[in-house]
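The values are calculated or read from the model by the stated rules, or taken from the named source; none is laboratory data. All figures in this text were calculated on a predicted structure; none of them were measured in a lab. Every residue, glycine among them, receives a Cβ derived from its backbone with ideal geometry; neighbour counts consider all protein chains shown.
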Amino acid sequence: MQALYAQLLVGLINGSFYALLSLGLAVIFGMLNIINFAHGALYMMGAFCAYFLLNLAGIGYWWALIIAPIVVGIFGMILERTMLQWLTGLDHLYGLLLTFGIALIIQGVFQNYFGSSGLPYAIPDYPQIGGFRGLQGGMNLGFMFLPIYRGWVVVFSLVVCLATWYLIERTRLGAYLRAATENPTLVRAFGVNVPRMITLTYGLGVGLAALAGVLSAPINQVRPLMGADLIIVVFAVVVIGGMGSIMGSIITGFALGVIEGLTKYFYPEASNTVVFVLMVLVLLVKPTGLTGRAA
Amino acid sequence: MTALTDDTLPITPRAMREEMIVFAIMAVLLAIVPWTGIYPFFVMQALCFALVACAFNLLVGYGGLLSFGHAMFLGTAGYFSAHALKVWGVPPELGIVIGTASACVLAVITGYVSIRRQGIYFSMITLALSQLLYFIYLQAPFTHGEDGIQGIPQGMLFHVFDLSKPTTLYYVVLAGFLGGFLLIYRIINSPFGEVLKSIRENEQRAISLGYKTDQFKLVAFILSGTLAGFAGALKVFVAQNASLTDVHWSMSGEIVLMTLVGGLGTVFGPVVGAFVIIAMQQYLAGFGQWVTVIQGVIFVACVLTFRRGLVGELAHLFKRSL
């Protein structure tokens, strides 16, 4: 049973990353009508940003959690201003091709300087409260041993996902955003600066990816290609869940992570492929995806 | 949906005559390669990729369906051909048939799944399916995982042509390429091709005119996948191996890049694009990962500045269809 719980936890962690990344993809797709192929590369940049902050500036994990998403988010906004905005009105394909090219450039540059092997990033050992050394160590829950950092990733990702959902579905800013998704021209006529909102939205989506990158740095090591294969799984998650609903992306992300974790326990050979197989099954049964509208 | 290309009208006899002249020039130029001192292996490799890119172009340029997993047909045909040739010891012609047929079966299955969604979803689905196959081939015993299938015997085609001789092999590959190219050209200019273009331009309208667009898309997908598989089977004789590289997503990206550089929806664009990209990889092989960066830069430059591609821009300049 210990092993089952451990795999469930791994599944929940992967699910957190799927949720954060597919959420960002959905937000970006809603506003820009672009599938952001560079999402995996930007996730990787988030992890590298944390690594640089620690090793070059001595700035630790907790600050990296705030700084890295902002830095990578600004980088994303520059990408949007200089390149993506020119694609408005063109076929979807060009957005995919352009962001694929951007992903190749980013990953290639990092591979050149850091090879393909992983760089270690330690779990933070502060603040030290009571018996805890930051997020290091673990707790015995009776039925399983819980490494604190892993529990933290799941809880924190869930909080961030729900906060994003709240921002978009329940605030005034979110209302503008949703309105601009439906009819940008009309929203502009009301005096809202839609192009700036598009840029900020892209920055938000990219920031979420970078945040996922920082969270994964102590677990998965920091590698130039850490996002390359992950993004393909996230695409499958997006196809399964559909991009119509924010909550749908969050739930699908976590659920698929858990299913993948269970597969690792019961039938490890299929753990790499289970998400793709599920995608095929969903397409056969309900082609529009679980929560999606027809595209 | 904005048009990818300018060729919305049926082809005129004059345009077809011009395209045939260009085709003849291309065929002659390729036929004299063995006497020019150009490394034939390079040209053979480029020809195989050119045919894959042409097959891919049939789907994206004329059907408007951007498949991001076309490497799966290339790789699958390669693995099945290689296995049949090496383990079962079949003659080359049968090896090619087996490889092409395997790609065809794969295209029927993946096509049935992926045409259920359109636009970017279609791209994501094909990419995910190719990644699924990648993991299957990584674990399946017959592919020998990371090592791949190596040292494949080339044999005697039809008991006549000795494929271990570079010149003979070159002409066999060239014949395969030209045959595949003409078949694709014929498909594009057939009534089927016209319906395909109409689906690309306005699917709702095509449906309202009574066309079962899903069937057309599926047939286009199967034709494209099978032809890409045929090229993959030919490539086995050139490279004498079949490996995971050919099923990886980065290979799918390269196929997309070749077509984009040459010109989406142009007849000759994918051929030009394939030669440009293969040549670039050859000359820049010493630069390691910078090749990936350069490919990325080309992607970005193509999308932002010349979406018509090399051939497309030329055709636009001379107001011709090429």
Legend entry - Meets criteria (within 14 Å of chain B (Cβ to nearest Cβ) and under 21 Å from the mean Cα position of the chain (by Cα)) for A:Gly101: yes
Legend entry - Top-ranked residue of region B:124-145 - restricted to ones that are in contact (Cβ under 8 Å) with a residue 60 or more places away in the chain and more than 14 Å from chain A (Cβ to nearest Cβ), ranked as farthest from B:Asp246 (Cα to Cα): B:Phe142
Inset, instruction - Could you tell me which of the residues B:Ala220, B:Ala231, B:Ala206 is in a helix (DSSP H, G or I), surrounded by 18 or more Cβ atoms within 10 Å (Cβ to Cβ) and without any contact (Cβ under 8 Å) to a residue 40 or more places away in the chain? - result: B:Ala206
Legend entry - Matching residues, region A:271-295, being assigned to a helix (DSSP H, G or I), at pLDDT 85 or above, surrounded by 16 or more Cβ atoms within 10 Å (Cβ to Cβ) and within 9 Å of chain B (Cβ to nearest Cβ): A:Val275, A:Phe276, A:Met279, A:Val280
Inset, instruction - Identify the residue in region B:149-161 that is in contact with an Asp or Glu (Cβ under 9 Å, 6 or more places away or on another chain) and crowded, with 18+ Cβ neighbours inside 10 Å and, among all such residues, is farthest from the other protein chains (Cβ to nearest Cβ). - result: B:Leu157
Legend entry - A:Leu93 being at pLDDT 90 or above, within 21 Å of B:Ser67 (Cα to Cα) and within 11 Å of chain B (Cβ to nearest Cβ): no
Inset, instruction - Output yes when any residue across region A:75-93 is out of contact with any Ser or Thr (no Cβ under 8 Å at 6 or more places or on another chain), in a helix (DSSP H, G or I) and farther than 27 Å from A:Ala180 by Cβ, and no when none is. - result: no
Inset, instruction - Report yes if some residue within region B:233-245 is modelled with pLDDT under 85, over 30 Å from A:Pro224 (Cβ atoms) and more than 14 Å from every other protein chain (Cβ to nearest Cβ); otherwise report no. - result: yes
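Residues checked against (1) at pLDDT below 90; (2) more than 14 Å from chain B (Cβ to nearest Cβ); (3) closer than 17 Å to A:Leu208 by Cα; (4) in contact with a helix residue (DSSP H, G or I) (Cβ under 7 Å, 6 or more places away or on another chain):
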| residue | (1), (2), (3), (4) |
| --- | --- |
| A:Trp62 | no, yes, yes, no |
| A:Leu65 | no, yes, yes, yes |
| A:Pro124 | yes, yes, no, yes |
| A:Pro127 | yes, yes, no, no |
Inset, instruction - Look at region B:295-306 and say how many of its residues are surrounded by 15 or more Cβ atoms within 10 Å (Cβ to Cβ) and more than 8 Å from every other protein chain (Cβ to nearest Cβ). - result: 1
Legend entry - Check on B:Leu257, touching a residue at least 24 places away in the same chain (Cβ under 8 Å), within 14 Å of another protein chain (Cβ to nearest Cβ) and not in a helix (DSSP H, G or I): no
Inset, instruction - Taking only region B:65-96 into account, find how many residues are more than 12 Å from every other protein chain (Cβ to nearest Cβ) and either among the small types (Gly, Ala, Ser) or free of Cβ contacts under 8 Å to residues at least 12 places away in the same chain (or both). - result: 12
Inset, instruction - Out of A:Gly207, A:Gly213, report the one residue that is within 27 Å of A:Thr273 (Cβ to Cβ), surrounded by 15 or more Cβ atoms within 10 Å (Cβ to Cβ) and away from every other protein chain (no Cβ under 14 Å). - result: A:Gly213
Inset, instruction - Pull up region B:263-274, narrow it to residues that are in contact with a Phe, Trp or Tyr (Cβ under 9 Å, 6 or more places away or on another chain) and more than 14 Å from chain A (Cβ to nearest Cβ), then point me to the one that is surrounded by the most Cβ atoms within 10 Å (Cβ to Cβ). - result: B:Pro270
Inset, instruction - Out of B:Ile25, B:Ile109, B:Ile21, report the one residue that is within 14 Å of another protein chain (Cβ to nearest Cβ) and not aromatic (Phe, Trp, Tyr). - result: B:Ile109
Inset, instruction - Check region A:189-200 and report whether any residue there is within 13 Å of the chain's Cα centre (by Cα) and more than 14 Å from every other protein chain (Cβ to nearest Cβ). - result: no
